[in-house]
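Since the structure comes first, as structure tokens, the remarks are kept for the end.
The values are calculated or read from the model by the stated rules, or taken from the named source; none is laboratory data. Here the structure is a predicted model, which is why all the values come from computation and not from measurement. Cβ placement follows ideal geometry from the backbone for every residue including glycine, while neighbour counts extend to all protein chains displayed.
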Amino acid sequence: MGLFVWIGFATVAANLQVVKTVELFGLTATLGNILYGSVFFATDVLNEKYGQTEAKKAVWIGFATLLTLTVVMQEALLFHPAPSDISQSSLETIFGFMPRVALGSLAAYIISQMLDVYVYSFIRRIFPSDGALWLRNAGSTMISQLLDTLVFTTIAFLGTYPFHIWIEIFITTYVIKFIVAAIGTPYAYAAKKMVPIDERGK
């Protein structure tokens with residue numbers, strides 16, 4: 001249940017942070033990649049411990065959460081602010097740009113997450129041992145994150161930034177997501193060994 005909650009939270013938070021660009025190692029990157037990378041990690045853990053059905057359920061939870069936030073905040077922007085209001089311009093800055101970001105994120109999310117679930121399951125059928133967990137985690141993430149990054153950055157940022165900046169964002173986004181996946185591998189092994197309390201009969 002905690003992984004389901006995290007996936008919903010991280011999907012929303014990452015898409016709020018992604019509108020901010022930062023400099024990492026001399027390259028332009030979008031904030032939110034670390035949080036977003038953790039969504040793939042959580043999905044892989046669910047797939048490993050509870051199977052493909054639960055992993056796909058988590059994907060749809062994240063998708064529905066992001067879609068709901070987008071709709072609700074677009075409706076909020078339609079309300080005329082009071083003369084004393086101080087937040088409308090800030091909300092417009094963040095959420096006015098969000099439809100394009102959300103469209104790119106929703107498309108990239110559902111395509112790449114579903115691909116991740118299927119690729120992970122495919123690799124597990126070929127390499128089912130616990131020792132190959134790193135391969136399942138890295139392999140599925142490497143493939144799905146490449147597609148995710150391409151779809152998202154194209155829809156959300158291509159044409160908004162100069163092409164060379166878009167290339168930098170694409171490269172750094174993919175690299176950061178893959179680093180997050182690599183860092184998460186030991187935690188995946190730890191999660192594999194965890195046994196829920198109700199399964200221990202307590």
Exercise. Of the residues that sit in the range 77-98 and are touching a residue at least 60 places away in the same chain (Cβ under 8 Å) and touching a helix residue (DSSP H, G or I) at 6+ places or on another chain (Cβ under 8 Å), which one is surrounded by the fewest Cβ atoms within 10 Å (Cβ to Cβ)?
Worked result: Ile94
For this session: Return only the number of the condition from (1) more than 30 Å from Lys192 (Cβ to Cβ); (2) charged (D, E, K, R); (3) under 16 Å from the mean Cα position of the chain (by Cα) that Glu168 does not satisfy.
Result: (3)
Exercise. Can you tell me which residues in the range 123-151 are surrounded by 15 or more Cβ atoms within 10 Å (Cβ to Cβ) and either touching a Pro at 6+ places or on another chain (Cβ under 7 Å) or of a type in the set (Gly, Ala, Ser) (or both)?
Worked result: Ala138, Gly139, Ser140, Ser144
For this session: For residues that are assigned to a helix (DSSP H, G or I) and surrounded by fewer than 19 Cβ atoms within 10 Å (Cβ to Cβ), tally how many sit in the range 152-169.
Result: 7
For this session: With respect to Ala107, determine if the residue is of a type outside the set (Val, Ile, Thr) and under 22 Å from Ile171 (Cβ atoms).
Result: yes
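Would a scan of the range 65-73 turn up a residue that is touching a residue at least 60 places away in the same chain (Cβ under 8 Å) and among the hydroxyl-bearing types (Ser, Thr, Tyr)?
Looking only at the range 65-73, we keep the residues that are touching a residue at least 60 places away in the same chain (Cβ under 8 Å), and these are none.
No: zero hits.
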For this session: Note down all Cβ pairs under 6 Å where the first residue falls in the range 153-165 and is more than 12 Å from Ala108 (Cβ to Cβ), the second is part of a helix (DSSP H, G or I), and they're at least six residues apart or on different chains.
Result: Leu158/Trp166
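Listed here are the residues, each with its yes/no results for (1) surrounded by 23 or more Cβ atoms within 10 Å (Cβ to Cβ); (2) touching a Pro at 6+ places or on another chain (Cβ under 7 Å); (3) within 19 Å of Leu91 (Cα to Cα); (4) in contact (Cβ under 8 Å) with a residue 40 or more places away in the chain.
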position: Met1; (1), (2), (3), (4): no, no, no, no
position: Val5; (1), (2), (3), (4): no, no, no, no
position: Gly8; (1), (2), (3), (4): no, no, no, yes
position: Ala13; (1), (2), (3), (4): no, no, yes, no
position: Leu16; (1), (2), (3), (4): no, no, yes, yes
position: Val22; (1), (2), (3), (4): no, no, no, no
position: Leu31; (1), (2), (3), (4): no, no, yes, no
position: Leu35; (1), (2), (3), (4): no, no, no, no
position: Phe40; (1), (2), (3), (4): yes, no, no, yes
Problem set entry | Filter pass, Ala190 being surrounded by 14 or more Cβ atoms within 10 Å (Cβ to Cβ) and at negative phi | no
Problem set entry | Top-ranked residue in the range 69-114 [being farther than 16 Å from Lys20 by Cβ and charged (D, E, K, R); ranked as modelled with the highest pLDDT] | Asp85
Seminar exercise, completed: Output for Cβ contacts, cut-off 9 Å, separation at least six or different chains, first residue over 10 Å from Tyr120 (Cα atoms) in the range 44-61, second in a helix (DSSP H, G or I) and of a type in the set (Lys, Arg), reads Val45/Lys192; Leu46/Lys57; Lys49/Lys192
